[in-house]
Amino acid sequence: MPKNQFRHVTNWVFDLDHTLYPPENKLFCQIENKMTRYIMNHLDLDADTANRLRYRYWKTYGTTLAGLMKEHLIDPAPFLWEVHQIDFSVLEPSPFLGAAIVALPGRKIVYTNGTIAYAKKALQKLQINDVFDAIYGVESAGYSPKPERKAFEKVFSLDKTNTENAAMFEDDQRNLIIPKKLGMRTVLVTPAYETALTHVDFITSDLTAFLRQIV
């Protein structure tokens, strides 16, 4: 039973996008469109080429920003500010999810490849901002993104996370590889069927229901 596998957990780490809210909200689609537009404007590319580059950098480096920094020396701060100027009204309050997270024993944090400011706005709209003890963004790791090991190590060091007594919830399997190696329970949150790799302990399409099972 999942509950038995989480009895030792006192540190709970949650991704944000497509983890604490579902993909159908289309919030992150706005960010992807903003990133494509940024690439078009700054690299003088047409929309199709810019979109393909955005996706390739995400696939190769973990985030589009990481690719732009590595290959084009893009300043991360203006980029992150611009791509997060979006409409948060597509998010709806999630009181049941909030209650399920509150019921978890121990410390709860959000760790996103977005910015802290962006995460705060999203969590406020979801009305679950007060259930977390801390929020960490890509800037917390010096702009190194998940799935890089040094990014996890930096954030977990800042938060004093005991990874042997921790669990990580993510929508991207790549971002669970290092947490698993660090001794964490790993949960993939996805509405679609996916074959779990060895670094994924559990898969759920309903985070709220899953959390209720393990308390």
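The values are calculated or read from the model by the stated rules, or taken from the named source; none is laboratory data. Note that this is a predicted model, so its numbers are computed, not measured. A quick note on method: Cβ atoms are made from the backbone with ideal geometry, for glycine too, and the neighbour counts reach across all protein chains shown. Protein only, heavy atoms only, side chains kept; ligands, DNA and RNA dropped before computing areas. Shrake-Rupley method; radii C 1.70, N 1.55, O 1.52, S 1.80 Å.
In table form, for the structure just shown:
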{"item": "Mean residue ellipticity (222 nm) of the chain, computed from DSSP H runs ≥ 4 via -39,500 (n - 2.57), nearest 500", "result": "-12500 deg cm²/dmol"}
{"item": "Helix 116-126 vs. the chain, principal-axis angle (Cα, 0 to 90°, nearest 10)", "result": "60"}
{"item": "Answer label, with Cα Rg over 2.2 N^0.38 Å calculated from the coordinates and candidates (i) 1.10; (ii) 2.39; (iii) 1.00", "result": "(iii)"}
{"item": "Degrees, to the nearest 10: 149-159 long Cα axis against longest axis of the chain", "result": "60"}
{"item": "Over the chain, relative contact order from alpha-carbon pairs under 8 Å, at least 6 apart, %", "result": "25"}
{"item": "Overall dimensions of the range 114-215 by Cα: Rg and Dmax, Å", "result": "13.9, 36"}
{"item": "Highest-MSF residue in the chain out of Asp48, Asp17, Asp130 [GNM, Cα springs under 10 Å]", "result": "Asp48"}
{"item": "His84, His8, ranked by accessible area, largest first (probe 1.4 Å)", "result": "His8, His84"}
{"item": "Charge sum, other residues only, whose C-beta stays under 11 Å from Ile178's C-beta, Lys/Arg counted +1 and Asp/Glu -1", "result": "+3"}
{"item": "Among the listed pairs Lys108/Lys160; Lys154/Lys180; Lys120/Lys160; Lys70/Lys150; Lys26/Lys150; Lys34/Lys154, those beyond 19 Å (Cα-Cα)", "result": "Lys120/Lys160; Lys26/Lys150; Lys34/Lys154"}
{"item": "Tilt relative to the chain, helix 47-61 - C-alpha long axis, 0 to 90 degrees, to 10", "result": "40"}
{"item": "His72 accessible area, assembled protein chains, probe 1.4 Å, Å²", "result": "70"}
{"item": "For the range 198-215, Karplus couplings with θ = phi - 60° (6.51, -1.76, 1.60), whole Hz, Gly/Pro x", "result": "5, 8, 10, 7, 9, 10, 9, 9, 9, 4, 4, 5, 5, 5, 5, 6, 9, 8"}
{"item": "Charge context of Arg37, other residues only, Cβ under 11 angstrom, K/R +1, D/E -1", "result": "0"}
{"item": "Shape box of the range 49-108 [Cα atoms, principal axes, largest first, Å]", "result": "45, 28, 21"}
{"item": "Solvent-accessible ranking of Lys180, Lys70, largest area first, probe 1.4 Å", "result": "Lys70, Lys180"}
{"item": "Distance between the range 91-107 and the range 143-180 - C-alpha centres, whole angstrom", "result": "21"}
{"item": "Rg(Cα)/(2.2 N^0.38 Å) for the range 116-156, N = residue count", "result": "1.26"}
{"item": "Where Rh is the Kirkwood radius over Cα pairs, Rg/Rh for the range 77-149", "result": "1.00"}
{"item": "Heavy-atom accessible area ranking, 1.4 Å probe, most first, across Val215, Val189", "result": "Val215, Val189"}
